[in-house]
1. Suppose each label sits 7 Å from its Cα in the direction of the beta carbon; what would the His136-Leu103 distance come out to in nanometres?
2. Going through segment 27-130, which trypsin sites (Lys or Arg not before Pro) have at most 13 other Cβ atoms within 10 Å and a DSSP loop state?
3. Just in segment 74-166: which GluC sites (Glu not before Pro) are loop by DSSP and have at most 11 other Cβ atoms within 10 Å?
4. Using modelled backbone amide H atoms (1.01 Å from N, in-plane), which distant-in-sequence or interchain residues come within less than 5 Å of Asn92's amide H?
5. Contour minus end-to-end for Arg83 and Ser40, with contour as 0.36 nm per residue of separation and end-to-end as the Cα-Cα distance?
6. Per-residue counts of other Cβ atoms within 10 Å, averaged by peptide: what ranking do you get for 49-55, 148-154, 71-77, highest first?
7. For a paramagnetic label modelled at 7 Å from the Cα of Trp156 toward its Cβ, which residues of segment 40-62 fall within the zone defined by backbone nitrogen distances under 19 Å?
Amino acid sequence: MVSNEKLRLLCASWTSYCLDILELEDPSFPFKPEPDRRPSMPEPLPVRLVAVADVTLPTMAGIDDKLDAFYVELLGFGRSEDRNQIVYHADNHDLRFQVVAELPVPHPTMRPTGIAVPLLSETIARLLAAEIEYTHQRGMFVGMESLLLLDPAGNWIEITDMRAVA
């Protein structure tokens, strides 16, 4: 068993060894870096929908601001430029809302919409700060956990951690 002190010394010596290897020599000609003129690609959004295609959910009229606060500010979705529609962009698909005139808003299924976030712990902290109620679920296997909650439109949402596929 390696103690923490030995491990720290080993990591420190390895880091200094790697930095010694990566030292750069002085250029043999005058070098002036120029800005890259190519168009930059936007960064991928930090959330993903757990779906195979775009998702459409029902909502009532007049709660666009609450939906923006929930999906854009809290979860990190991107909002569509077209303000005539309520569409949020995830990294892989779009989440669309269809305004329904009848009240209460009918929900065809109680199945939650899956949303994967980079860090579940950060999302929990944001939910607590916003005073939004949720249920923390633990799965049958180690590391399987999710949050189950209602969005402002009354749709069930299940938030999970993004897992790297190995």
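1. About 3.6 nm, to one decimal.
2. The qualifying sites are Arg37, Arg83.
3. Within segment 74-166, the qualifying GluC sites (Glu not before Pro) (loop, at most 11 other Cβ atoms within 10 Å) are Glu81, Glu102, Glu131, Glu133.
4. Leu49
5. Result: 12.9 nm gained on full extension.
6. Result, highest mean first: 71-77, 148-154, 49-55.
7. Within reach of a label on Trp156, which here means backbone N under 19 Å from a point 7 Å along Cα→Cβ, segment 40-62 contributes 49-52, 55-60.
Only the coordinates and a few stated rules stand behind these numbers; no lab work does. Quick caveat, the model's predicted, so the values are computed rather than measured. With ideal geometry, Cβ positions are generated from the backbone for all residues, glycine too; neighbour counts draw on all protein chains shown.
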